[in-house]
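Take a look at the structure set out below.
The values are calculated or read from the model by the stated rules, or taken from the named source; none is laboratory data. Because the structure is a prediction, the values reported are computed rather than measured. Heads up, the Cβs are rebuilt from the backbone with ideal geometry, glycines too, and the neighbour counts pull from every protein chain shown.
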Amino acid sequence: MARLSDAEISSRLAKLNGWRREGPALTRTYEFGSFRDALFFVNTVAGLAEAANHHPDIDIRWRRVTLTLSTHSEGGLTEKDFELAEAIETHTRRWVG
């Protein structure tokens, strides 16, 4: 899968609430009401990642979870990163509004 151009990344990123570009990656931090809710969210993301065969870096800090997406084999952002970010947004609205 080919890396996306800067223009393609900007266009796709404008449609993702709360996500930002950090170098060759997409990132978003979520905050939850409890540690348990944060872990439930992470388990949901794990299921989506397994289904997509594309795995984010996940940092859990009490009630805060930061996800980072990048296609390491391509050295940057590809369609897979945006597809997974969109799936996460669709499937996790009940926790993050």
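Name the single residue, out of those in the range 81-94 being surrounded by 16 or more Cβ atoms within 10 Å (Cβ to Cβ) and either among the hydrophobic types (A, V, I, L, M, F, W, C) or out of contact with any helix residue (DSSP H, G or I) (no Cβ under 7 Å at 6 or more places or on another chain) (or both), that is modelled with the lowest pLDDT. So the residue we want is Glu89. Summed over the range 29-81, residues that are among the charged types (D, E, K, R) and in contact with a Lys or Arg (Cβ under 8 Å, 6 or more places away or on another chain) total 3.
Restricting Leu77, Leu84 to residues that are out of contact with any Phe, Trp or Tyr (no Cβ under 8 Å at 6 or more places or on another chain) and touching a residue at least 40 places away in the same chain (Cβ under 8 Å) narrows the list to Leu77. For the range 6-28, what are the residues that are surrounded by 14 or more Cβ atoms within 10 Å (Cβ to Cβ) and either closer than 14 Å to Ile88 by Cα or in contact with a Lys or Arg (Cβ under 9 Å, 6 or more places away or on another chain) (or both)? Correct list: Ile9, Leu13, Leu16, Trp19, Pro24, Leu26, Thr27, Arg28.
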